[in-house]
Structure formats: C-alpha cells, structure tokens
Amino acid sequence: TSRFIGPYQILERIGKVAYRITLPPSLSNLHDVFHVSQLRKYIADPSHVIETDDVQVRDNLTVETVPLRIEGPKLKKLRNKEIASVQVVWGGLAGENTTWELESKMKD
C-alpha cells in the first residue's frame, strides 16, 4: 500500500504487539514505537524508495497528498436521505491510494 514510508530497522519488540524502530532525524517528531497494525513487512524493490528528506509529517501524523483524479460516483441511500460520494485517487510522495469522499467536500 502507498500509505507507508521506510523501510526502517526494527530495534526491539515492545510487549506482544509493538515494536521500536529506527527513525531518521527528519522524523524525530514521531514516537519510535509502533503497533504491529501500523507496520508492514518490506520486500525489497528499488522503485519503492522515497527520500525521507522530502516527506513532511504533520503534527497529526499525516503526510500531504493531492487528489489526482475523481472516479465513479456512488449514492448511498439512508432512511430519509441520500449521500453522494466519489472515489478519489490520491497521490503524493508515498504513491497512490484510493478513498471514498463526500462529493460536497471534493467540490470545495
């Protein structure tokens, strides 16, 4: 998935479900212990390399992404109203990923 940066070396296991990893100085504002659900095994591929100097992590631990394109709309029907959403393909330094967003939010 494109929501990950790294790879980083695992330093130690903390309890049953967390690991301490090495982080570069540019990510020093992050805590270095992560739950296993936030980690993925890395299989080497040179095309995956992202320079961490280019990654700016916000205070809420997100990275900047921009919408690349908007795909298929979807109308969700509730009891007495309908919610229009669109599939958005996001891009950034970490690659592409897709989410469903409210159509009204994407018009702004």
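The values are calculated or read from the model by the stated rules, or taken from the named source; none is laboratory data. For clarity, every value in this text was computed on a predicted model and none was experimentally measured. Positions of Cβ are generated from backbone atoms using ideal geometry, with glycine treated the same way; all protein chains shown enter the neighbour counts.
Points to keep in mind about this one:
- Residues that are within 20 Å of V57 (Cβ to Cβ) and surrounded by 12 or more Cβ atoms within 10 Å (Cβ to Cβ) within segment 8-21 comprise Y8, I10, L11, A18, Y19, R20, I21, listed in sequence order.
- Tallying residues that are within 19 Å of the chain's Cα centre (by Cα) and among the acidic types (D, E) within segment 10-44 yields 1.
- Residues satisfying the stated conditions in segment 31-55, i.e. of a type outside the set (F, W, Y) and at pLDDT 85 or above: H31, D32, V33, H35, V36, S37, Q38, L39
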